[in-house]
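Before any comments, here is the structure.
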Amino acid sequence: MNQIFFAILFSLVLIISGCSKSDDVEEEIIEEPEIEVPEPIDPAKLVTINTGAVVGTFYNFWSTRPMINQTRFNSSGFRTGEVESVKDYVKSYNLVRMLGGRTDDLNEYYQGVDASGNIITDFSGLLTSMRNFRLTGLKPRIVLDNVPWEMSLPKVVDTYGNSKPPTDYNLWRQYINAFLNTLVNEFGMAEVKTWRFRVATEPNYTPDHWRGTKEDYFKHYDITVDEVLKVIPDAIIGPGNMLTEGSATYSTELIDHCATGTNYATGQKGTKMSFFCISYYEKIDQNTVKLPDDIGPYRNSLDSYAQFRDIPLDIQEFGVLRDENGKRGVSLNDATELGASWYATIADMAFKYRISEIYEWGQEIEGSNLPQGRRNVSKMFQMMEDGSRLQAVHNLSGYAGVIPVVKNNVIYLLVYNHNPSRTSTAKNTIYPRLEGGLISGGTKWKMNEWTVDKTNSIMMHELYKDLRAGGVSEITNGRIYGNRISDRFNTGWENVLNANMTKYENLAKLSKTTTNVMVEKKDGNLTLKVELEPHSVKLIELTPQ
């Protein structure tokens, strides 16, 4: 009986010990790292990047700023203040309405004619402003636009001054000749021939910028170019920036004239064009990005002529003209994350359509040196500048994309998601998959990331909140979120801005949202998951380890 009892007891001990051993094994399995199961990737969200296939250069297109009044450079405060503060990215200024014919009566160098019919000029004011401009060390570009009032009487004051062609082209020729020789004598031919000269501003915008006909402008351009070339034989010269709004009176016909038309000055076929340019303004209330429709016909027309296929195609006026309520104001940009994601979208299109330069009115907030969202995007551009753009294949829809660049063996991915409507809630997830080239030669990369979206690198929302809390009266029908605070708020906004400047400076800094995270190649490629807000731009930096 005792033997039976001990046998049963021994069996129970074995069973219990066996159960304990089994539990221990189960715990060891749980403590092992889980095998990561890749989530399925929507092919419509995948961007395949060949890091060994270069398609072009990430060239600088953002460093020229238009300037309506060059006499501002006469102020040492302006030169050492505003100009110095933007020299990090502004390399040249495009100086418009320098020949007179202005509503403010500046630059009146033409003094009439003498008894022999020769023009009388006084360019002392020109020399003063240009000498002061040259103190900045920057490169000027000259717009030969408004004709002096006395050269095209009777006087008619249009939106931007005199938009009439000259009555006597002999006087106009003399004036252009004297103007250019004044510059050459002062600054030297070797220097002045490196400056760009543009003939007129938006000559297809009638009557605001040009009160003549299409043929009148063709004649004006031909004669002006002919006279410029007499003074500077290899001048860099091109026509005025073509308006791309519905009110434009003509478009690509100017290219046809310069390619195959009879030159009004020489009687020969064609006219010199060193570059071509347009104006491009977005309107948020139209809920679109219309650049392809605006630039496409000009790109196609230039490409159809061998002599013009490779000349620079520029946007020499640029910005967001109206807000979502159709309000314009003085602002020429949207200062929030919407303007930032729009700018990244435009950059991608600029490379696609081979746009050489986009002239910037300014990327700072009124009353400060605070960067708009767009300025933080251009800081991203500067990190990628002169790198090699890589091949990217995708089926992304809408206004979303990746601009991949390799620079000094570092890979940069500019990833963006833009929605034309400010109220859009359409977030996006994009999967950049990097293959070949640099990826083939390494396994690990150190990743950094910078972000511009509603909660990163933007200060406008906090400013508006503070202005409203501070009781600053709001112009309810004024433009909202432009770079000009005064478009939306009455007097008193400056006090709130200055009182909270440190806070706004911190909010406006380009936000680094990922620092030194290690990522690894798997299955021969490096695939990242990038989650984007409705208006968002991210710059990802990948450094091989």
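The values are calculated or read from the model by the stated rules, or taken from the named source; none is laboratory data. Remember, it's a predicted structure, so these values are computed and weren't measured experimentally. FYI the Cβ positions are ideal-geometry reconstructions off the backbone, even for glycines, and counts take in every protein chain you see.
Can you find a residue in segment 414-422 that is surrounded by fewer than 22 Cβ atoms within 10 Å (Cβ to Cβ) and of a type outside the set (G, A, S)? Give the derivation first.
Filtering segment 414-422 down to residues surrounded by fewer than 22 Cβ atoms within 10 Å (Cβ to Cβ) leaves 421-422.
Retained after the next criterion (residues that are of a type outside the set (G, A, S)): 422.
Yes, there is a match, as at least one residue in segment 414-422 is surrounded by fewer than 22 Cβ atoms within 10 Å (Cβ to Cβ) and of a type outside the set (G, A, S).
Looking for whichever is out of contact with any Lys or Arg (no Cβ under 7 Å at 6 or more places or on another chain), in the same structural domain as C277 (by TED's automatic domain parsing), among the polar types (S, T, N, Q) and farther than 30 Å from R479 by Cα here; the options are S378, S356. Which one fits? Break it down into steps so the answer makes sense when it comes.
Numbers: S378 fails: farther than 30 Å from R479 by Cα.
Step by step, each of S378, S356 is checked, and only S356 is out of contact with any Lys or Arg (no Cβ under 7 Å at 6 or more places or on another chain), in the same structural domain as C277 (by TED's automatic domain parsing), among the polar types (S, T, N, Q) and farther than 30 Å from R479 by Cα.
Among the residues of segment 298-337, which ones are under 18 Å from G270 (Cβ atoms) and basic (K, R)?
Correct list: R309 only.
If I ask for residues that are among the aromatic types (F, W, Y) and at negative phi, which ones from segment 452-488 would you list?
Step one: filter segment 452-488 for residues among the aromatic types (F, W, Y), giving 464, 481.
Matches in segment 452-488: Y464 only.
Out of segment 310-326, which residues are surrounded by 12 or more Cβ atoms within 10 Å (Cβ to Cβ) and charged (D, E, K, R)?
Selection gives D314, E317, R322, D323, E324.
Would you confirm whether or not segment 464-480 contains a residue that is under 25 Å from the mean Cα position of the chain (by Cα), farther than 18 Å from Y343 by Cβ and small (G, A, S)?
Yes, segment 464-480 contains a residue that is under 25 Å from the mean Cα position of the chain (by Cα), farther than 18 Å from Y343 by Cβ and small (G, A, S).
If you take the residues in segment 262-285 that are in contact (Cβ under 8 Å) with a residue 24 or more places away in the chain and out of contact with any strand residue (DSSP E or B) (no Cβ under 8 Å at 6 or more places or on another chain), which one is nearest to H535 (Cα to Cα)? Give the steps one after another, and end with the answer.
Narrowing segment 262-285 to residues in contact (Cβ under 8 Å) with a residue 24 or more places away in the chain: 263-266, 270-285.
Narrowing the set further to residues that are out of contact with any strand residue (DSSP E or B) (no Cβ under 8 Å at 6 or more places or on another chain) leaves 264-266, 270-271.
Values: Y264: 50, A265: 51, T266: 52, G270: 46, T271: 44 Å.
Restricting to residues being in contact (Cβ under 8 Å) with a residue 24 or more places away in the chain and out of contact with any strand residue (DSSP E or B) (no Cβ under 8 Å at 6 or more places or on another chain), the top hit is T271.
Please go through (1) surrounded by 23 or more Cβ atoms within 10 Å (Cβ to Cβ); (2) of a type outside the set (D, E, K, R); (3) modelled with pLDDT of 95 or more; (4) closer than 22 Å to E82 by Cα for L370 and return the number of the only condition it doesn't satisfy.
Failed condition: (1).
Which of the helices (runs of 4 or more DSSP H) contained wholly in segment 449-545 include at least 3 residues that are farther than 29 Å from R322 by Cβ?
Working: elements: 460-469, 493-499, 501-508.
Where helices (runs of 4 or more DSSP H) fall fully within segment 449-545 and carry at least 3 residues being farther than 29 Å from R322 by Cβ, they are 501-508.
Given the conditions (1) farther than 30 Å from D323 by Cα; (2) crowded, with 23+ Cβ neighbours inside 10 Å; (3) of a type in the set (F, W, Y), report the number of the one that F275 does not fulfil.
(2) is the only condition that F275 fails.
Quick check, is G56 surrounded by fewer than 18 Cβ atoms within 10 Å (Cβ to Cβ), touching a residue at least 60 places away in the same chain (Cβ under 8 Å) and touching a helix residue (DSSP H, G or I) at 6+ places or on another chain (Cβ under 7 Å)?
On the way: surrounded by fewer than 18 Cβ atoms within 10 Å (Cβ to Cβ): yes; touching a residue at least 60 places away in the same chain (Cβ under 8 Å): yes; touching a helix residue (DSSP H, G or I) at 6+ places or on another chain (Cβ under 7 Å): yes.
Answer is yes for this residue.
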